[in-house]
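Every read-out reported here was derived from the displayed coordinates using simple, explicitly stated rules and does not represent laboratory data. Quick caveat, the model's predicted, so the values are computed rather than measured. A quick note on method: Cβ atoms are made from the backbone with ideal geometry, for glycine too, and the neighbour counts reach across all protein chains shown.
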Amino acid sequence: MADKQAKLELGGESHDFPVLEGTCGPDVVDIRKMYGTTGKFTYDPGYKSTASCESALTYIDGQEGVLLHRGYPIGQLAEKSSFMEVSYLLLNGELPSSDELDDFTYTITRHTMLHDQMRQFYQGFRRDAHPMAIMCGVVGALSAFYHDSTDISDPEHRKISSHRLIAKMPTIAAMAYKYSVGQPFLYPDNSLSYTGNFLRMTFGVPAEEYEVIPEVESAMDKIFILHADHEQNASTSTVRLAGSSGANPFACISAGIACLWGPAHGGANEAALNMLREIGTPDRIPHYIERAKDKNDPFRLMGFGHRVYKNYDPRAAVMQKTVREVFEALNVKDPVFETALQLEEIALNDDYFREKKLFPNVDFYSGIILSAIGFPTTMFTALFALARTVGWVAQWNEMISDPGQVIGRPRQLYTGPTQRDYVPLDQR
Ligand code: SDX
C-alpha cells in the first residue's frame, strides 16, 4: 500500500486520509477514520464511487472491457479452461495441477446428492412457482440439514460448506425444473462431468439413457464460466453483507440468490429474451430503440448497459460466438438471434447508446443459447445463480478469513422530522 495522502478541507480544518494502491485499477481513499476525525459521513447511494472491500479474486476494467479471474482473462478461461478448474482457481488462487483438479472434481462430484428429505420441500411449491423462488427457499433450507458445516470460524467447516453449495446447486436447479414440468427427479450420476451431470438431471428421464451432447456440454460449461464471479456486484455484496453478521453460508447464498433475481441484475437474461421475442422481427427494432431512449417510458433495453462496463462486456462477446456453436451443433435456428444481432448493431450506432456507453452485457445473448438448449426462460436466472455460487462462496471465504473483517453497517443522510413529542389521539 502506498503512503500517498488525500487532503480534505472541511469547516476550516484540513484532514489527511491515506490513499491505498491495488495491483491494478483505481487507488482508494481510505476513509475508515473519517467519521471519527471529521464527524461527517460520505454519501454514495448505489456505491458508484465506493470500494466496499479489498479482494484478490476478480478484476474488471470497465473502460477497456477487461475481466480477470485471479489475473487470467475471461476469454482465455472460457476457451481453454473448465468450470471445475475456474471454480478451483477462484477458491484457491492458482490454477490446479492435474491431481489437484482430479481431487477437487472428485470431492464436488460426491457432494452433488441432496439429503433425501429435501425432496419434500418441492412438494410445498406450486408447480408454476418461479425456479428462483424455489432456489431461495431450498438453498436457505440447506442450513437445516448440514449443521456439521455451519461453524464459520472453522476453516474445515467453511471448506465443506463451500463444496456442498457448489456441488448441490445443479441438483437443486435441475429438481426445480423437473418439478415445474411434472417429471420425476433424477439422482446425480457420478460418472458424468459436473455440467454433463446437470444436463442429464435436467433433461434426462428414467425411461431411457440420456446422451450428453459434447457441444452442448461445452457451451453450458462455458456459460457457467462466464457467470462465475464478477467483483462486488449487487448479489455478491449481499452475500458479503449477510456473511459479515456471522450468518451461516447457506443463508448467505440464499440472500445472494434473492438479490440476483431482480431484472436489473441476474433477472435480465430472462427479461432480455422476453424482450427480443416481443420485438420479434428486425423491422420493429427502431420502435423499441425509441422507447428505450424515451425518458417517460420505463422500458429499457434488457441485456444492455452496465454499472462498470463502459465498453463491450467481454462475456457478451464469448456468448455471441457460443450462440453460433450451439445452433450448429443442434442444427437449430432461432430468428431471434438475427434480431439480437441487428438490435446490437443499431444500438451501437445510435448516439444515445454511444454517449451513455451502453453496450451488450452478459445477459444479452445468454438466453438465446439457453433457449436453444431447451431451458424455459424462467430457468435462466436459476442457471446464473448456479454458476455464480462459486463466486459468492469464494468472496464469502475471502471476507470471513480476513481477521480484520467487521459487520457491515452503513450510515445515512437523515432527512426525516427532528425530535417532537407524542400527540394523544384525542388531540389530533
Ligand atoms: C448484471 O454489477 C454486475 O457486475 C452485474 C453483472 C454480474 O455479472 O454480476 O454483470 C450481471 O446484472 C448485468 C446487467 C443486467 N441488467 C440489465 O441488462 C438491465 C438493463 N440495464 C440497466 O438497467 C442498467 O444499465 C444497469 C442496471 C445494468 C446499470 O445501471 P446504472 O449503472 O445504475 O446506470 P443508470 O441506470 O444510471 O443508467 C445511466 C443512463 C441512464 O440515463 P440518464 O438518467 O443518465 O439519462 O443510461 C440509461 C439510463 O436511463 N440506461 C439505459 C439502459 N441502461 C442504462 N437506457 C436504455 N436501456 C438500458 N439498458
To the nearest 20 Debye, how big is the dipole of the range 268-373 about its Cα centre, given +1 on the beta carbon of each Lys and Arg and -1 on that of each Asp and Glu? 340 debye
For the chain, the charge dipole (Cβ of Lys, Arg +1; Cβ of Asp, Glu -1; about the Cα centre) points to a positive end, and the Cα of PRO314, TYR35, GLY93 closest to that extreme belongs to TYR35
Two-site FRET efficiency, ASP116 against SER245, from Cβ-Cβ distance with R₀ of 35 Å, rounded to 0.05: 0.65
Extending each Cα 7 Å along its Cβ direction at LYS333 and TYR43, get the distance between those two points in nm, one decimal. 5.7 nm
Per GNM of the chain with C-alpha springs under 10 angstrom, the most fluctuating residue out of ALA251, ALA387, ALA144 is ALA144
Cleavage-rule hits, trypsin sites (Lys or Arg not before Pro), the range 86-182, DSSP coil, Cβ neighbours within 10 Å at most 10: ARG126, ARG127
Can you tell me the length gained on complete extension of the stretch ARG411 to GLU100, counting 0.36 nm per residue apart and subtracting the Cα distance? 107.6 nm
Along the dipole axis of the chain (charges at Cβ: +1 for Lys and Arg, -1 for Asp and Glu; origin at the Cα centre), the most positive-end residue among THR377, VAL326, TYR106 is THR377
What per residue convex hull volume, in Å³, do the alpha-carbon atoms of the chain yield? 209 Å³
For the range 85-136 and the range 258-311, distance of Cα centres in Å: 30 Å
Among ALA271, PHE203, SER244, whose Cα lies farthest out toward the positive end of the dipole of the range 199-323, if unit charges sit on the beta carbon of Lys, Arg (+1) and Asp, Glu (-1)? SER244
Can you tally the lysine pairs in the range 268-373 where the Cα-Cα distance is under 29 Å and the two residues are eight or more apart, or on different chains? 13
Please list, by residue number, every one of the chymotrypsin sites (Phe, Trp or Tyr not before Pro) in the range 63-120 that is coil in DSSP and has at most 15 other beta-carbon atoms within 10 Å. none
Helix-derived [θ] at 222 nm for the chain: sum -39500 (n - 2.57) over DSSP H runs of at least 4, divide by residue count, nearest 500? -15500 deg cm²/dmol
Gained length - ASP297 relative to ASP30, 0.36 nm times residue gap less alpha-carbon distance: 92.1 nm
Within the range 155-169, find all residues whose amide N lies under 20 Å from a label point positioned 7 Å from the Cα of ASN190 along Cα-to-beta-carbon. 160-169
Taking loop as defined by DSSP and a crowding limit of 11 other beta carbons within 10 Å, which chymotrypsin sites (Phe, Trp or Tyr not before Pro) in the range 328-428 fit? TYR414, TYR422
Over 27 Å (Cα to Cα) among LYS48/LYS80; LYS4/LYS48; LYS80/LYS178 -> LYS48/LYS80; LYS80/LYS178
Per residue of the range 253-261, in order, report the coupling 6.51 cos²θ - 1.76 cosθ + 1.60 (Karplus, θ = phi - 60°) as ³J(HN,Hα) in whole Hz, putting x for Gly and Pro. 5, 4, 5, x, 4, 4, 5, 4, 4
In nm, what is the difference between 0.36 nm times the number of residues separating GLU208 and ASP154 and their Cα-Cα distance? 15.1 nm
Spin-label pair VAL423/ALA51, simplified geometry with 7 Å Cα→Cβ offset, distance in nm: 5.0 nm
Can you tell me which aspartates and glutamates have their Cα less than 20 Å from the Cα of LYS33? Leave out same-chain residues fewer than eight positions away. ASP3, GLU9, GLU13, ASP16, GLU21, ASP44, GLU54, ASP402
Between beta-carbons, use under 10 Å as the cut-off and find the net charge around LEU142, counting Lys and Arg +1, Asp and Glu -1. +2
How high is the FRET efficiency between GLU79 and ALA144 when r is their beta carbon distance and R₀ equals 56 Å, given to the nearest 0.05? 0.85
Viscosity 1.002 mPa s, 20 °C: Kirkwood-radius Stokes-Einstein D of the range 124-165 over Cα pairs, µm²/s: 186 µm²/s
Students often forget the sequence filter, so: which lysines lie under 18 Å Cα-Cα from LYS159 once same-chain residues fewer than 8 apart are removed? LYS168
Would you please give the FRET efficiency between GLU21 and ALA129, computed as 1/(1 + (r/R0)^6) with r the Cβ-Cβ distance and R0 = 35 Å, to the nearest 0.05? 0.15
Just add up the charged neighbours of GLU100: K/R +1, D/E -1, any other residue whose Cβ is under 15 Å from the Cβ of GLU100. -3
Among all the lysines, which ones have a C-alpha under 17 Å from LYS40's C-alpha, if same-chain residues fewer than 8 places away are not counted? LYS7
Which one of GLY408, GLY62, GLY124 has the biggest mean-square fluctuation once the chain is modelled by GNM with Cα springs under 10 Å? GLY124
